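Let me begin by presenting the structure, written as structure tokens, before commenting on it.
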Amino acid sequence: MMLLAVLQANASVMDVDANLRTIDDAARRAAQAGAGLLLTPELFPVGYAPLRLDAELDPATLPGVRERLAGIARQHRIGLVYSLPAVAKVPQQGADDDAARPTHAASAWHITATLLDATGHEVLNYAKVHLFGPEEHKAFVAAEEPPAVVDFGGIRTSMLICYDVEFPEAVRAAATRGAELLLVPTALSSGFDNVPQVLIRARALESQLNVAYANHSGHEDVYNFLGGSVVAGPDGSLLAAAGEGPALLFAEVGTETVKAAREEVPYLRERRPELYREWQS
């Protein structure tokens with residue numbers, strides 16, 4: 001078992017110093033409570049504002065931000081998940097390219113998540129596959145790599161980002177690779193209450209793993225955020241939930257409940273993927 005901490009907070013767009021202070025304070029409190037891992041929201045160190053990030057963020061500053069985040073993990077001896085933009089090379093567009101593709105000439109941003117261990121070392125990286133809304137599609141490029149899985153504190157752990165978790169295929173891809181804990185930094189606006197209240201619990205239940213979902217709160221750029229961060233267990237139970245305002249959630253997650261759920265109802269063993277492929281043809 002591991003005590004997991006989930007940060008829900010309001011970020012200041014393009015104010016890295018302020019946002020890292022918020023993460024540092026949360027990491028301190030989480031470590032003092034005995035947590036082994038702190039999950040933070042999508043793009044929290046820079047704030048969620050896709051078009052501003054695309055126009056204003058200097059990629060040369062990112063290594064320094066990553067090192068400061070590693071320092072927070074080291075100082076408080078706690079695992080840490082953070083989300084940042086990362087430069088992604090894309091092919092030059094030709095005259096016949098689909099007009100809907102990103103307009104960046106030679107490079108663009110991915111939205112990424114990174115898992116650090118308690119020594120500040122990177123142990124897992126993921127880039128967002130499903131972009132949400134016109135601003136994300138203008139500012140970022142969708143990735144294509146599946147979610148990887150690592151052993152973290154004895155728990156098989158994977159990551160998705162925000163909209164990714166709303167696709168059952170993405171969560172199932174992590175589960176079939178052995179994930180027992182799925183960490184999801186998110187930036188969910190007000191008006192989508194059913195995502196944390198219904199969908200996250202359904203994803204946890206159908207793929208029989210723990211799902212932790214960390215959202216922003218308050219107003220950033222043009223967005224009003226829902227809050228509502230949750231941790232759901234592999235039987236769909238609610239392990240922790242936040243309201244609209246800033247919060248630091250705690251939940252015990254582990255492997256035994258995952259094994260029990262998968263033994264009681266063997267969804268993963270009894271899938272028939274070869275048949276599903278025929279259905280889609």
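The values are calculated or read from the model by the stated rules, or taken from the named source; none is laboratory data. Computed from a prediction, not measured in an experiment: that's the story for all the values here. Note: ideal-geometry Cβ built from the backbone for every residue, glycine included; neighbour counts use all protein chains shown. Remember, those area values only see protein heavy atoms, side chains included, never the ligands or the DNA or RNA. Shrake-Rupley method; radii C 1.70, N 1.55, O 1.52, S 1.80 Å.
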Could you list all residues from region 29-60 that are closer than 19 Å to T114 by Cα, surrounded by fewer than 18 Cβ atoms within 10 Å (Cβ to Cβ) and in contact with a helix residue (DSSP H, G or I) (Cβ under 7 Å, 6 or more places away or on another chain)?
-> none
Of the criteria (1) assigned to a strand (DSSP E or B); (2) open to solvent by 20 Å² or more (accessible area, probe 1.4 Å); (3) out of contact with any helix residue (DSSP H, G or I) (no Cβ under 7 Å at 6 or more places or on another chain); (4) touching a residue at least 40 places away in the same chain (Cβ under 8 Å), which one L248 fails = (3)
If you go through region 118-137 one residue at a time, do you hit one that is surrounded by 24 or more Cβ atoms within 10 Å (Cβ to Cβ), modelled with pLDDT of 95 or more, among the acidic types (D, E) and not in a strand (DSSP E or B)?
-> no
Sort through A212, A261, A204 and tell me the only one that's closer than 28 Å to M2 by Cα and outside any helix (DSSP H, G or I).
-> A212
Working carefully through the options V230, V184, V258, V222, find the one that is open to solvent by 40 Å² or more (accessible area, probe 1.4 Å) and either at pLDDT below 95 or of a type in the set (V, I, T) (or both).
-> V222
Take the residues of region 266-281 that are part of a loop (DSSP other than H, G, I, E, B) and open to solvent by 60 Å² or more (accessible area, probe 1.4 Å): which is farthest from S229 (Cα to Cα)?
-> S281
Near pairs, Cβ below 6 angstrom, 6+ apart or cross-chain, from region 256-281 (polar (S, T, N, Q)) to any residue that is part of a loop (DSSP other than H, G, I, E, B) = T257/G233; T257/P234
Which residues, counting only those in region 215-229, are assigned to a strand (DSSP E or B), touching a residue at least 40 places away in the same chain (Cβ under 8 Å) and touching a strand residue (DSSP E or B) at 6+ places or on another chain (Cβ under 7 Å)?
-> H216, S217, G218, Y223, F225
